[in-house]
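Please treat every number below as a calculation from the coordinates, not as lab data. Since the model is a prediction, treat every value here as computed from it, not as a measurement. A quick note on method: Cβ atoms are made from the backbone with ideal geometry, for glycine too, and the neighbour counts reach across all protein chains shown.
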Amino acid sequence: ADSATIRVAYNLPKDHATGLYFETLAKKIEELTASTALKLKVRTFPNGQLYNDTQLPDAVSTGAVEIGQMNIGFMNGPGTESLRIWGLPFLYNSWEALWATEDNPAFKGAFDRQFGKFGMHMLGWVQYGLVEFYASKPIALPADLKGLRMRAFGVDTSMLIRDLGGSPVSLSSQEMYQAVQRGTIDGFITGPTSVYSRKLYEVTKHGTDIGINYLSFMATANLEWWNKLPDDTRKAVAAASDIAQTTARERAKEDDRIAKQHLKELGVSVSELSPEQRQQWVDASKGLYDAYREKAGTEGAELLKIVEAADRQQAAK
Amino acid sequence: MDFLTIGVLLATLLLFLLLGVPVGFALGLAGVAAILTIGPSFLIQIPLTITKSFSDVVLIAIPLFILMGEILYRGKVGQQLFDTANVWLGRLRGGTGMSAVFAFTFFAAIVGSSMASVLTIGKIAIPEMEQQGYSKRLTYGLTAVGGSLGILIPPSIPLIIYASLTDVSPGQVFIAGFLPGFFIAGLLAAWVFWKAPRTSKAPAFNFRKACRATLHSVPDLLLPIVILGGIYAGIYTPTEAAAIGVIYALILTMAVRRTISLRDLPAVLTDTLKSNAMLLTIVLGALVFGSALTLIGLPQMLAEATQAAAMPQWAVMLMFALIWLVMGCFLEVISIILITVPVFFPIAQAVGIDPIWFGIFMVINMEMSVITPPVGMNLFAIKSILPNETLGAITRAAVPSLIILLIGLVVLWFFPGIALLLVRHAI
Amino acid sequence: MGIVAKIIGLANKGVTGLGIAALGVLPLIVFYDVTARYVFNAPTIWATEISIYLLQLLVFLPMGLLLGENSHIRSTLLTDKLSPRAQRALHLLSLAMVALLAGCITWLGWKLTAHSWHQSQVSATLLAIPLWLPNALIPLGGLLLLINALGGLISPPAEFK
Ligand code: NA
Ligand code: NA
């Protein structure tokens, strides 16, 4: 059989849940395509070594790499309107609701259709984990965010901070620690795992437990390359992604739990909210939902319905 | 990817450099050649890498620091600093040299590069030292090393780039540069004390006069406090500090000292435009070359080989220092950092080297590279202020001063705590 | 040939003017952002992004200008030891190599610009700038480099004649 080398690029470290997805994907692709018409050898580029969040959409769609991590936060313009559901806050009530939504063929199909317009094929979901507010002041309710300078990344977190009354500040990630420490900014939106691994708990003593996002990135493949793959090889790659997806989901959930526990032990106080208090956050972000419905039209409405159904089902359990 | 490919690539790069192709473009061409070994369809990596790298906010500091240096140079702020030190130290043995060391150290806390320091302070200090009968070895050596402090004592463009490549906080590596910088300045002062001629022709020391001169210099002496103080007070980030420095330098030279007039500004901006493009073209070429090496897998291969060899920490650091020494002879600081840090940093982490200390260790090696011939930016800078001296004579006189940096490197190697002290007990 | 030199001269003058303007505005923008954030507690949504585009302009456009002036940093270790004739030959060879690279940058930069144009990409910020605009700085810079390299090939500087 023929063989070929392909390149997989992503933005986070190998040992992060998202890294686990791509490393598992690479291993499984080599395993599963071994006996297909085209045997694939995979080289991975972690840590944004080759491309970072901002460049990966262009890198995959121009074929500079065959497979890469997509962060919708760094894609903008026509064709991304319905995908922006990705950044809506308080969308899911649980991991299980997220996973049920992602596994819904209509939901994944809608993403694949949009990615197709950018010359990409959607392979699978790459679990990142939870995203929360962390700040040098306690944040319990939306009113607490008023006037706070919060570091934002990408268009979705900027809109969220602005809509909730804070000021989005753009700042490079390596300036975050000192910027919070010295009060240049008041806080940021990020995952408990990153607060833990980047030692940000030394400077931000307050967190939330409201699950702003249960965040997933996507793995996409260059469409031209994908379409040229022999049928059995394509099936093997898809199967490899399914395995990687499950592995990363379990890891992300577990990592978040451990990180939150560590942060608590390290003295980061977390505002625990009653359902009524959480509802205040949901109400405060209504403007973002309205804007989404307006821009994403019927397709957006369909996607929201799928999410709502999954949330209801989980709430009933 | 094999050793032959890499060998051919490096030979190509060296050939381009020797043929006199500008450094930035030689690196770019070698990058194109490297990508072509994978396939022409991957060339799109070049514009993608360029936009990615020049979208980093941290790099905005580079043109701003160059602009500030240009304003201070034209505004004769260096003279002011040197004169102030000289009224205090001039009578001492080696006083003129010590004043120069003070001025270099102080200026290092204002600018981010080494060339700016040599051009600004060297221009004043070299004639003064020669007038006092200092040997060329001492005069040029002190200038070469003193100027190189500009990249070790914060702010520092190389440390900014290091931080942007490794996700280490620029503020923290900045703090770590202080004590090693002062230590090397101390070595320089000791060298001057030991080697300076005994006879001093400086005017008698007058306390009141000295105080008056110092008072007069207060606006100049405030510069590092404005730049670094604002960073540590949390008013602005290290990147933004550069812009504040530009504004302050403008006020100082245009309103307070009136050494620059409005009519001089276009020339200041034109010169900055050119120096900035000169430097950033090399950055651009190095980025293309570096990302091409990543694509063909050199960093990964080197990392695996080091891991497989299970080298101890000291051997890894020695290997890095030797590679830097050789590269330092032929390449410019920024390109060396951009090419080697993505390869070396993961290896350094794997053997447990503190990332902040590693940045300082790297910068001291880079200080050597601006002095080693044939491509030594500080040597070029000295040559540009002494048009009648040959580059060969400058090189022969300045190269022995490398021993100062080597002593500094070895001492810090055994006591990395000197670099990490201020970081651990953060101010 | 006179007209070629004139066009190149004009282009370089334009770049100098544009560069000076960009360099003059850059510290003001950053300073304004600090003031807005620290004094008025209202950071701008545009300062950082515009600064980045100015930085890109300051890198990509003046490369050709410097080549025309022969002021890029290069090693003269070998060339200094050669006869004027050999120096001239190497200078032309080096310009030809730069022209090759400039052609590459122009073509690839153009491809990326066209890509962002076709996909109507806008920046992923609240400002949402059409991305083909900053991306076009790359092929433009490549083109300026190319014409300066070709100009140097047609009429090398006096010192080599
Ligand atoms: Na400095
Ligand atoms: Na050197």
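Some observations on this one:
- Peptide packing: for C:45-58, B:142-155, the average count of neighbouring Cβ atoms within 10 Å per residue gives the ranking B:142-155, C:45-58, highest mean first.
- Inter-probe distance in nm under a simple model that places probes 7 Å from Cα toward Cβ, at B:SER135 and B:ALA310: 4.9
- Close amide H pairs (under 5 Å, H built 1.01 Å from N) link A:VAL169 with A:MET150, A:ARG151, A:ALA152, residues at least 5 positions away or on another chain.
- Estimated FRET transfer efficiency when R0 is 35 angstrom, pair B:VAL410-B:THR5 (beta carbons, to 0.05): 0.45
- Cα-based shape type of segment C:44-157, given that a ≥ b ≥ c are square roots of the gyration tensor eigenvalues and the cut on a/c is 1.5: prolate
- Each part gets one Cα centre, and for segment B:230-273 versus segment A:222-241 those centres are 56 Å apart.
- q = 0.14, 0.15, 0.19, 0.22 Å⁻¹, segment A:136-239: log10 I(q)/I(0) [Debye, one scatterer per Cα]: -0.61, -0.66, -0.91, -1.21
- Once the convex hull of all Cα atoms in chain B is built, its volume per residue stands at 142 Å³.
- Every Cα-Cα pair in the protein assembly as shown was counted, and those over 49 Å apart are 22% of them.
- Of B:VAL341, B:VAL411, B:VAL173, the one that fluctuates the most in a GNM where chain B has Cα springs shorter than 10 Å: B:VAL411
- FRET efficiency for the B:ALA303 to B:LEU14 pair, using the beta carbon distance and R₀ = 41 Å, is estimated at 0.95.
- Over all pairs of different C-alpha atoms, segment B:1-136 has a mean inverse distance whose reciprocal, the Kirkwood radius, equals 18.7 Å.
- FRET efficiency for B:ARG396 and A:LYS235, using Cβ-Cβ distance with R0 set to 51 Å, rounded to 0.05: 0.15
- Residues of type lysines that B:LYS136 reaches as a straight line, Cα spacing below 23 Å, ignoring anything fewer than 8 places off in the same chain: B:LYS123, B:LYS195, B:LYS201, B:LYS383
- Straight-distance crosslink candidates among lysines, where the alpha carbon sits under 20 Å from C:LYS13 and sequence neighbours closer than 8 are dropped: B:LYS274
- With a 10 Å cut-off around each Cβ of B:294-301, the average count of Cβ atoms from other chains is 3.
- Per residue of the protein assembly as shown, the DSSP helices (runs of n ≥ 4 H) give a summed -39500 (n - 2.57) that works out to -20500 deg cm²/dmol at 222 nm.
- Averaged over the residues of peptide C:94-104, the number of Cβ atoms from other protein chains lying within 10 Å of each residue's Cβ is 5.
- Taking every Cα-Cα distance in chain A and sorting them into 10 Å bins from zero, the calculated P(r) comes out as 6, 26, 35, 23, 8, 2, 0 percent.
- Each peptide in C:34-40, A:52-58 gets a packing score, the mean of other Cβ atoms within 10 Å over its residues, and the list from highest to lowest is A:52-58, C:34-40.
- Net charge of Cβ neighbours under 13 Å - reference A:ARG293; Lys, Arg +1; Asp, Glu -1: -2
- Segments A:198-204, A:298-304, B:302-308 sorted - mean Cβ within 10 Å per residue, highest first: A:198-204, A:298-304, B:302-308
- Here is the list for segment B:159-261: trypsin sites (Lys or Arg not before Pro) lying in DSSP coil, each with at most 14 other C-beta atoms within 10 angstrom of its C-beta, are B:ARG198, B:LYS201, B:ARG258.
- Partner lysines for A:LYS108 [C-alpha distance under 20 Å; skip if fewer than 8 residues away on the same chain]: A:LYS117, A:LYS235, A:LYS295, A:LYS305
- In units of the rule-of-thumb radius 2.2 N^0.38 Å, segment A:152-210 shows an alpha carbon radius of gyration of 1.08.
- Shielding by partners - mean other protein chain Cβ count within 10 Å, residues of C:15-28: 5
- In this label model, C:LEU126 and A:GLN277 are separated by 2.7 nm, measuring between points 7 Å along each Cα→Cβ vector.
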